[in-house]
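Peer 1: Shown below is the structure under consideration.
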Amino acid sequence: MVPWSQDPAALAGHKAWWLKKPDADVWRETMIVQARLQGKALVAELEDVASREEAALLRGSEVAVPRTRLEPPAPDEYYWSDLEGMEVVNRSSVRLGRVVGLIESGAHPLLRVADESIGERLIPFVAAHIDRVDAMARRIEVDWEADY
């Protein structure tokens, strides 16, 4: 499994994961016997998986940990899922759209901001362009012009 995380090893610190097979609608809790980082992948032994054949049936599954089990983010840090749906406005109070996702570009994350009339734009999620994230108001203020 290749985790979508800035710190892939963090998932290994949890005692249980929730798995959802690609063709399933439900999540199921699975206890972790052991997990370790191997290159960019996380290799784990699951309590209720006894063979390679059983493990193969889980290929492509989503792996998650409930939000209640995660450490709160540090000041000026955010879980990507918290940013999704936030309104984005620039310094001139022009609405640029809503965050529909983020992309890890290697150098820094990019906000995917979509607007019905303009389409989608990418805004670097770095201090040079992000003036303020107001979690309570669900709003991100940016130094980014509407015609960029």
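None of the figures in this text is laboratory data; all of them are computed from the coordinates on show. Predicted, not measured: the structure shown is a model, and the values here were computed from it. Methodologically, a virtual Cβ is constructed for each residue, glycine included, from the backbone with ideal geometry; neighbour enumeration extends over all protein chains shown.
Peer 1: Could you state the principal axis extents of the C-alpha atoms in the chain, from the largest down, to the nearest angstrom?
Peer 2: Result for the chain: principal-axis Cα extents of 59, 31, 28 Å.
Peer 1: Rank the residues 20, 40 as a footprinting-exposure proxy: fewest other Cβ atoms within 10 Å of their Cβ go first.
Peer 2: 40, 20
Peer 1: Suppose a student asked you for the relative contact order of segment 8-69, using Cα pairs under 8 Å spaced at least 6 residues apart; what percent would you report?
Peer 2: With pairs under 8 Å counted, the relative contact order is 37 percent.
Peer 1: Give a residue-ordered list of calculated ³J(HN,Hα) values for segment 75-84 (Karplus: 6.51 cos²θ - 1.76 cosθ + 1.60, θ = phi - 60°; whole Hz; x for Gly, Pro).
Peer 2: Residue by residue, segment 75-84 yields x, 6, 10, 9, 6, 4, 4, 6, 7, 4 Hz.
Peer 1: Starting from the Cα of residue 126, move 7 Å in the Cα-to-Cβ direction to define the label point; list residues of segment 83-116 whose amide nitrogen is under 17 Å from there.
Peer 2: Zone members listed by number: 103-112.
Peer 1: What is the fewest-to-most order of 123, 130 by other Cβ atoms lying within 10 Å of their Cβ?
Peer 2: 130, 123
Peer 1: Would you work out the relative contact order for the chain, in percent, from Cα pairs under 8 angstrom that are 6 or more residues apart?
Peer 2: Relative contact order for the chain comes out at 15 percent.
Peer 1: Would you please give the residues with an amide H less than 5 Å from that of residue 125, counting only those at least 5 places away or on a separate chain, with H modeled from the backbone geometry?
Peer 2: For residue 125, the qualifying residues are 110, 111.
Peer 1: If you don't mind, there's one more thing I want to ask. Would you please classify the overall shape of segment 40-102 from the alpha carbon gyration tensor, given that a ≥ b ≥ c denote the square roots of the eigenvalues, rounded means a/c under 1.5, and beyond that prolate means a/b larger than b/c while oblate covers the rest?
Peer 2: Verdict is prolate for segment 40-102.
Peer 1: Something else about it: Just order 69-76, 32-39 by mean Cβ neighbour count inside 10 Å, highest at the front, would you?
Peer 2: Those peptides, ordered most packed to least, come out 32-39, 69-76.
Peer 1: Now a separate question. Computed over the Cα atoms, what is the radius of gyration of segment 8-69 divided by 2.2 N^0.38 Å, N being its residue count?
Peer 2: Scaled against compact globular proteins, the figure is 1.08.
Peer 1: Let's see if you can work this out: charge +1 on each Lys and Arg Cβ, -1 on each Asp and Glu Cβ, no other charges. What is the dipole magnitude of segment 6-148 about its Cα centre, in debye to the nearest 20?
Peer 2: The dipole magnitude comes to about 220 debye.
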